[in-house]
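Data block below; observations after.
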Amino acid sequence: MDLRDTESDAAFRAELRAWLSEVLPGIPPPPPEHDFEARRVYDTAWQRTLFDAGYAGINWPIEGGGRGATPAEHLIFLEESERMGAPYVGVNFVGLLHGGPTLIAEGTPEQKAFHLPAILKGEHIWCQGFSEPSAGSDLASLRTKAVRDGDHYIISGQKIWTSFGHVADYCEMLVRTDPDAPKHKGITWLIMPMHLDGIDVRPLRTIHGSTEFCELFLDEVAVPVSNRVGDENDGWRVTNVTLSFERGTAFVSEMLQSMALVSHLASLAKRLDRWDDAGIRRELGHLSADLDALWALTKRNISLATRTGTIGLGGSVFKLHYAEMRHRLGDLAVRLLERASLSLNDVGDLASGRHIDGEIHSISVSIAAGTSQIQRNIIAERLLGLPREPAWTSS
Amino acid sequence: MDFELTTDQVDLKEGVRKLAEGRFPMERVRELEAVGGVDRALWQELADAGVFALRIPEGADGVGLGMAEAALVFEELGRSLVPGPLVATEVAAQLLPTAAWGAEVVGMLERSSYPLVVEHLSVIDRLLVLDNAGVWSVTPDQIEGTPLDRPTDPLTPVHLLASVPQGEQVGDAGAVERLRLEGTILTAAFLVGSAQAVTELAVEYVKGREQFGRPIGSFQAVKHILADMATRASVAQAAVYAAGVTLDDPEVGDPVRAASAAKVMAGDAAVRNAKGAIQVHGGMGFTWEVDAHLHLKRAWLLDTQFGSVDHHAEVLAHLL
């Protein structure tokens, strides 16, 4: 066990730091959180900057146009980017973390040649059409149907929780192509261009007040058969190629942000004369322990990935504990800030807004990317070998 | 960075697991209650295996390994819930060569403790008393203690002392700081092993126990308790390993911070997992027969050694 950068990791870190400190001062301030058109411009401009410097698709394989970085280099990239205040992956999230990696693994040569460079350069924004109003945790029960008509699939149905749907160019879609097959066997994975007729995008207002999520209403949308990834009815397997991808490093930037929030809360506690409150102090200390432990766990997961190519169930363990910790951090912020918690704005010169923002955000962490209840099922059944509950859904 | 165990570390861990499971099966551990938790022949076997000499340099007749390895060893001792002043003797061996190879069983006490309750008084050869000025050696015959005949942890007998003599100085202020830090990490490692052991105990039980015509481990209300236990043990284990590596190589972080994080996470995991194991055993969990209560009682005890969860949370708060 060793926590030191190797010589090549140290060189990578130094090179990245030098580049970030050169380029970050020229980056404009981020746009308002609710201005999605401006966010698209901002996030894709940063993606292009990364591309030009050779950092786009840091963990994508070289044959997919990525940098082919090791898991350790990927972690260094996320760590340094966060610590030095680089822009977040933002609207490029689905393309870089889901759509692109799926195409690399399962796409045709034509699909790869067209889409991968556009994702890496920030030219195409992707969104995700997986969940439906009646297919959440039980994703495989999805009902949006696709009927073959010559060289097109005609798609009708409804999708939900489609982040950045209103600014996306393409959607990774799961559709039901065989309604008579067992639920996992009748699903197909399609690339759906978002400009097609019959797509109605309606933003959903979250408890955050923002409209990051959308609903997609699909009325006889004609998607070319050449946009299918993998075989017809093999979409569930194609999906699982990348579902595990998200649980490895997707929360690293957030976790590092949480560490900064804990330090900042400590300084607020001192300013607000709450540092004498042992309850507040101990919870801050406990959260600091949780975060250091999660950072150590991340390094164990990354080391395992380096050795075996997969992090196994470490991602679920991380996600479950991270979500619990993040709720406690938000709760503490509200307790500590008292009446300064009554606005999402900074109150006076307290820089309190980010903590209330964080508390509201934290509520999504135990729901998005597999609820904590689903993570517990995964850990109990796959890690501990406990028997499954009987399935109550159709077949 | 490669934060997975090396082949040598895996071998060491497996070797200690075999030794602990072979020599300290739970029936034997329970029998040790009759001898105050320590059987000198078994103690000698631990010493012969290098448990107390692990971190002593090879040049000084030790094994020459680091805290990362010692943490793995103590994690395994914790899995088997081996009784006795193991951590105290291991850290004392850094100052007293006689403790390294089994000749002395060493207890430890913070001079500022109140009340002055001391563990294992009747089986130790020496008590090291810690205060901020240094480490002080006292022999049991210099101490008057009243046995408390119902120890909370049946495997750890305790005495109440009226006072503690000054003792003979065997370490300075720097040594005491070092001992406390090392003891914190090893105790955390032991607690992580216990947190894993109770998880496995509970998993086995809920796979076999049937109610409503099904193994109770198939019910989410039960399996989610187990998932939380496995998660706590795994997260705490990462913190403990990081503390071991950081003490060996302070360039990668702050050993004080890493040790406190380890003790907070491991102390919490051990107590909550033992309670979870008792809960899923139902009424059986409340019986003397099921081992989970012995883990819970040791976890409570170890929270009072080398700083409690609360103490280390305070340490971390002040580092923010």
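Structure summary
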quantity	calculated
Debye-sum result for region A:283-395 in log10 I(q)/I(0), which assumes one identical scatterer on each alpha carbon, at q = 0.10, 0.20, 0.22 Å⁻¹	-0.42, -1.08, -1.18
Cut-off 18 Å, label 7 Å out along Cα→Cβ of A:Glu123, residues of region A:19-43 by amide N	A:41-43
Crossing angle, helix A:36-53 versus chain A [Cα axis fit, 0-90 degrees, rounded to tens]	90 degrees
B:Ser113-A:His264 FRET efficiency (beta carbon distance; Förster radius 45 Å; 0.05 resolution)	0.80
Karplus (6.51, -1.76, 1.60) ³J(HN,Hα), θ = phi - 60°, over region A:322-328, in Hz, Gly and Pro reported as x	4, 4, 4, 4, 5, 4, 5
Karplus-derived 3J(HN,Hα), 6.51/-1.76/1.60, for each residue of region A:73-89, Hz, glycine and proline x	5, 4, 5, 4, 4, 5, 5, 5, 4, 5, 5, 8, x, 5, x, 7, 4
Sparse-neighbour loop sites [GluC sites (Glu not before Pro); region B:1-99; at most 13 other C-beta within 10 Å; DSSP]	none
Proxy reagent accessibility, fewest Cβ within 10 Å first, across A:Val365, B:Val290, B:Val198	B:Val290, A:Val365, B:Val198
Contour minus Cα-Cα distance for A:Asp35 and A:Thr108 (0.36 nm per residue)	22.7 nm
Local electrostatic count, A:Glu132, Cβ distance below 9 Å [Lys/Arg +1, Asp/Glu -1]	+2
Relative compactness, region B:174-319, computed as alpha-carbon Rg over 2.2 N^0.38 Å	1.15
Within region B:219-320, GluC sites (Glu not before Pro) in DSSP loop having at most 10 other beta-carbon neighbours inside 10 Å	B:Glu289
For chain B: relative contact order, % (alpha-carbon pairs under 8 angstrom, 6 or more apart)	16 percent
Viscosity 1.002 mPa s, temperature 20 °C, Stokes-Einstein D of the protein assembly as shown from Kirkwood C-alpha radius, µm²/s	77 µm²/s
Across B:Lys18/B:Lys207; A:Lys319/B:Lys207; A:Lys159/A:Lys319; A:Lys319/B:Lys297; A:Lys145/B:Lys223; A:Lys299/B:Lys13, pairs whose alpha-carbon gap is larger than 27 Å	A:Lys319/B:Lys297; A:Lys145/B:Lys223
For chain A: relative contact order, % (alpha-carbon pairs under 8 angstrom, 6 or more apart)	12 percent
Span from the region B:53-103 Cα centroid across to the region B:245-273 one, whole angstrom	18 Å
Local net charge near B:Pro151, Cβ-Cβ under 12 Å (Lys/Arg +1, Asp/Glu -1)	-1
Length gained when the stretch A:Ala10-A:His184 is fully extended (0.36 nm per residue, less Cα-Cα span)	58.2 nm
Kirkwood hydrodynamic radius over Cα pairs of chain A, then Stokes diffusion coefficient at 37 °C and 0.692 mPa s, in µm²/s	146 µm²/s
Inter-probe distance in nm under a simple model that places probes 7 Å from Cα toward Cβ, at A:Asp346 and B:Asp48	6.8 nm
Shape call, region A:207-354: gyration tensor on alpha carbons, a/c limit 1.5	oblate
Rounded to the nearest 20 debye, dipole of region B:174-319 from Cβ charges on Lys, Arg, Asp, Glu	520 debye
Least to most buried among B:Val280, B:Val170, B:Val10 (fewest other Cβ within 10 Å first)	B:Val10, B:Val170, B:Val280
Candidates per trypsin sites (Lys or Arg not before Pro) in region A:287-395, loop by DSSP, up to 14 other Cβ within 10 Å	A:Arg388
Cβ-based exposure ranking for A:Phe217, A:Phe12, in which fewest neighbours within 10 Å come first	A:Phe217, A:Phe12
Nearest-0.05 FRET efficiency for A:Glu63 and A:Gln257, computed from C-beta distance (R0 30 Å)	0.35
log10 of Debye I(q)/I(0), alpha-carbon scatterers only, for chain B at 0.07, 0.10, 0.13, 0.15 Å⁻¹	-0.26, -0.55, -0.93, -1.25
20 Å cut-off, amide nitrogen to a point 7 angstrom out along B:Met26 Cα→Cβ, residues in region B:70-111	B:75-84
Distance between modelled label sites at A:Ser210 and B:Gln220, nm, 7 Å Cα→Cβ extension	2.8 nm
Principal-axis tilt of helix B:173-208 within chain B, Cα atoms, nearest 10 degrees	20 degrees
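Every read-out reported here was derived from the displayed coordinates using simple, explicitly stated rules and does not represent laboratory data. Since we're looking at a predicted model, the values are computed, not measured. Neighbour counts run over all protein chains shown; Cβ positions are idealised from the backbone, glycine included.
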